[in-house]
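The values are calculated or read from the model by the stated rules, or taken from the named source; none is laboratory data. This structure is a prediction, so every number in the text was calculated from the model and none was measured. We place every Cβ from the backbone using ideal geometry, glycine too, and count neighbours over all the protein chains shown. Ligands, DNA and RNA are stripped out before the accessible areas are found, and what is left, the full protein with its side chains, is counted by its heavy atoms. Shrake-Rupley method; radii C 1.70, N 1.55, O 1.52, S 1.80 Å.
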Amino acid sequence: MWLLILHLLALLTFVLLYSFRFRKLVPNPEQNILAQIQVATKDWKSTPYLVLLIAFSLFLLLPLTLGFAFYLQTDANVLVVILWIIWAYNWSKYTFWRE
């Protein structure tokens, strides 16, 4: 349970850090966050984009952490991994390939 709380706090920290501190530093910030993530993969070494990519990675790992916090002792952890793969694939597909 403490891992889930730590994960949520890290996600919240990076989202708020990007929203209030680094979004102003991005040249031509677009309204669509998915388009910003696409641009961030091309220039990931700059600090605003790195913060955005870390926040997106934490967002993608959220169901995995949530599932393992509750189902690690049971056989349902296989379902958690399968659902996480579907979650991460769909978000990545709509973010990077725009299908």
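Before moving on, here are some points about what is shown:
- Cα point-scatterer Debye curve for the chain, base-10 log of I(q)/I(0) at q = 0.15, 0.23, 0.24 Å⁻¹: -0.66, -1.16, -1.21
- The listed residues PHE20, PHE96, once ranked by accessible area (1.4 Å probe) with the largest placed first, stand as PHE20, PHE96.
- Sorting TRP2, TRP84, TRP91 by solvent-accessible area of protein heavy atoms yields TRP2, TRP91, TRP84, largest first, with a 1.4 Å probe.
- Loop-resident sites, segment 1-90, for trypsin sites (Lys or Arg not before Pro), counting at most 15 other Cβ within 10 Å (DSSP): LYS45
- In sequence order, calculated HN-Hα J values of segment 34-39 (Karplus, 6.51, -1.76, 1.60; Hz; x Gly/Pro): 5, 5, 5, 5, 4, 5
- Spatial separation of Cα centroids for segment 12-54 and segment 57-86, in angstrom: 26
- Dipole moment magnitude, nearest 20 debye, the chain about Cα centre, only Lys, Arg, Asp, Glu C-beta charged: 360
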